[in-house]
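Student: Below is one structure. I have some questions about it.
The values are calculated or read from the model by the stated rules, or taken from the named source; none is laboratory data. Model, not experiment: these values are computed from the prediction. Note: ideal-geometry Cβ built from the backbone for every residue, glycine included; neighbour counts use all protein chains shown. Protein only, heavy atoms only, side chains kept; ligands, DNA and RNA dropped before computing areas. Shrake-Rupley method; radii C 1.70, N 1.55, O 1.52, S 1.80 Å.
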Amino acid sequence: MMTMVITFIKTLVLLLLFTLTSASASAPAPEVVSRIAFGSCANQSSPQPIWDAILDYKPHVFIWLGDNIYGDIRRPFKLFGNDRTIGPWKNVPRFVPSSYDQMKSKYDIAKTNHGYARLRHIAKVIGTWDDHDYGLNDAGKEFKHKDINQKLMLDFLDEPPNSPRRKQAGVYASYTFGPEGRRIKVILLDTRYHRDPLRSDGTILGTAQWTWLKRELNSQPSEITVIGSSIQVISNLSACTGPLFYMESWGRFPSERKRLFKLISDSKRDGVFFISGDVHFGEITRFDCATGYPLYDITASGLTQAVEKVIPSFLHFVVRFLAWITPTTMRVINNNCKRKSCTYGQPNFGVIEVNWDENPVSLKFEVRGVSGEAVNSVTTSLSDLQAKKGGFNNVKEGKQHCSLEADLPWLLRHRLAILFSLFVAVLIVVQVGVLYVAISLMVKCLRKCKLD
Ligand SMILES: [Fe+2]
């Protein structure tokens, strides 16, 4: 009788443990992973219909690339009055950090979103962070709340209590999926915790993370290696949009980016590519002069936040035109793009699809819209992501993506700023002209009235 009771209690405890585990952690990845989805920039307070398209894709793994919640508080644009957030006379910052309780409740909203909750049941969910879930817009190593926010972010991702990730400074991590011959290694970087100030050309990763990354790239081989970075690695649009506006990217830390490319090249690791978020549009870029094979960067941004969502639809053509005329040396321009510029400014997510049965193994990179339709895509093969003696098969293509944006001729690089300045100048001239004509007419009229 006693044995039966003990067995019953044991079964009950096991059942309870199973229920608790399956309720908290995301689904495990299958033995062979061939479908990965990823995304960034999801405002927990906005509707998130894009989860339906991600669920339809049935990914084995889903990767968060940052701004998984918008944790900081954004004050409204205010030019005059007490709390001025813009202009040279601004007296308060535009963004301020949330309290611990505010951050926690924002994570609770994100985690209980119906679509995301369903995704956690069918896919293994992993991720890193960017500035808004780190706690403050554009923040780096100086941010005071980083340790407490690291705990909250790891709770959101169901990181086990004894995970080394909870004891280290920063949320970087690596995962390997699949059996030998079909291994996918995912390396997730932390571009916030150790990052020096913008314009310093200092470090992004910090000493400990660089040592870890070198070990990861030189250890156990994998057929495919995905490096997830919250900010773009290959594209450096800021070199062409400044001084009008700047975006964060590895390109703004040139020494650090050179070091990253050299580390990959020195590791002799084939099949490496990047995925990124942050910029609120989707695009696919590539750099051909770092490793002896094209280094792709698939940017998917954002799940809810997108450039075209913040302006009225009748002005979308302006955004698309500006994206089209902004010079870029890295963006992949092909016939698979929905927009002429090959950027996509509506909500989107990214997809990596591997056909392990094909010979050579084929890879498809896609940016997909809210209905699941591909808006940008590139198909390549694993054999094309292997360093070849003598360089590229297609010399013309190889040369196309080899010059950095920062090295473009001055006039071409500043095309956007020049066009904008010309537009403002014409506007001022027209206004002065109209004013001159109005005053002249008034003076003429006054003289005529006097004579009469
Ligand atoms: Fe964002």
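Student: Under 20 Å from a label point 7 Å along Cα→Cβ of residue 419: give me every residue in region 237-263 with its amide N that close.
Tutor: Under 20 Å, as judged by backbone N against the label point of residue 419, lie 237-247 of region 237-263.
Student: Do any cysteines in the chain lack another Cys Cβ under 4.7 Å, and if so which?
Tutor: Within the chain, the cysteines lacking a partner Cβ under 4.7 Å are 41, 240, 445, 449.
Student: Related question: Using a 1.4 angstrom probe on the protein heavy atoms only, line up 367, 432 by accessible area, largest first.
Tutor: Solvent-accessible surface, decreasing: 432, 367.
Student: How far apart, in nm, are the 7 Å Cα→Cβ label points at residue 429 and residue 162?
Tutor: Distance between label points: 7.4 nm.
Student: Sticking with this one: Could you please put 352, 333 in sequence from largest to smallest accessible area, using a 1.4 Å probe?
Tutor: Final ranking, largest accessible area leading: 333, 352.
Student: Let me ask something else about it. Using the heavy atoms of the protein chains and a 1.4 angstrom probe, tell me the accessible area per residue for region 293-346 in square angstrom.
Tutor: That works out to 44 Å² for each residue.
Student: A follow-up question, please. Can you compute the charge dipole magnitude of region 143-290 about its Cα centre, using +1 on each Lys and Arg Cβ and -1 on each Asp and Glu Cβ, nothing else charged? Give it in debye, rounded to the nearest 20.
Tutor: So the dipole magnitude of region 143-290 works out to roughly 380 debye.
Student: How much accessible surface area, in Å² rounded to 10, belongs to the heavy atoms of residue 338 with a 1.4 Å probe?
Tutor: Roll a 1.4 Å probe over it and residue 338 shows about 110 Å².
Student: Another question, if that's okay. Which FRET efficiency value, to the nearest 0.05, is calculated for residue 357 and residue 335 with the Förster distance at 22 angstrom and r the Cβ-Cβ distance?
Tutor: 0.25
Student: Could you work out how far helix 254-267 tilts from the main Cα principal axis of the chain, as a 0 to 90 degree angle to the nearest 10?
Tutor: The two axes meet at around 30 degrees.
Student: Cα gyration tensor of the chain, axes a ≥ b ≥ c as square roots of the eigenvalues: rounded (a/c below 1.5), prolate (a/b > b/c) or oblate?
Tutor: prolate
Student: Among 298, 249, 275, which residue has its Cα furthest toward the positive end of the charge dipole of the chain, with +1 on Lys/Arg Cβ and -1 on Asp/Glu Cβ?
Tutor: Result: 249.
Student: Next question, about the same structure. If you count, for each residue, the other Cβ atoms within 10 Å and average over each peptide, how do 322-328, 355-361 line up from highest to lowest?
Tutor: 322-328, 355-361
Student: Quick one: pull the percent of accessible area on the chain belonging to carbon and sulfur, 1.4 Å probe, ligands and nucleic acids left out.
Tutor: So the carbon and sulfur contribution to the accessible surface is 62 percent.
Student: Find the relative contact order for the chain and round it to a whole percent, using C-alpha pairs within less than 8 Å whose residues are 6+ positions apart.
Tutor: The normalised contact order for the chain reaches 15 percent.
Student: In degrees from 0 to 90, rounded to the nearest 10, what is the angle of the helix 206-218 Cα long axis to the longest principal axis of the chain?
Tutor: The two axes meet at around 60 degrees.
Student: Another one. From the Cα gyration tensor of region 116-225, with a ≥ b ≥ c the square roots of its eigenvalues, which class applies: rounded if a/c is under 1.5, or else prolate if a/b is larger than b/c, or else oblate?
Tutor: Note, shape of region 116-225 comes out oblate.
Student: Determine the gain in length on full extension of the stretch residue 114-residue 102; use 0.36 nm per residue of separation and subtract their C-alpha separation, reporting nm with one decimal.
Tutor: Length gained between residue 114 and residue 102: 2.3 nm.
Student: Nothing charged except the Cβ atoms of Lys and Arg (+1) and of Asp and Glu (-1): what's the magnitude of the dipole of the chain about its Cα centre? Round to the nearest 20 debye.
Tutor: 1140
Student: I'd like to compare 283-289, 187-193: which one has the highest average count of other Cβ atoms within 10 Å, and what's the full order after that?
Tutor: 187-193, 283-289
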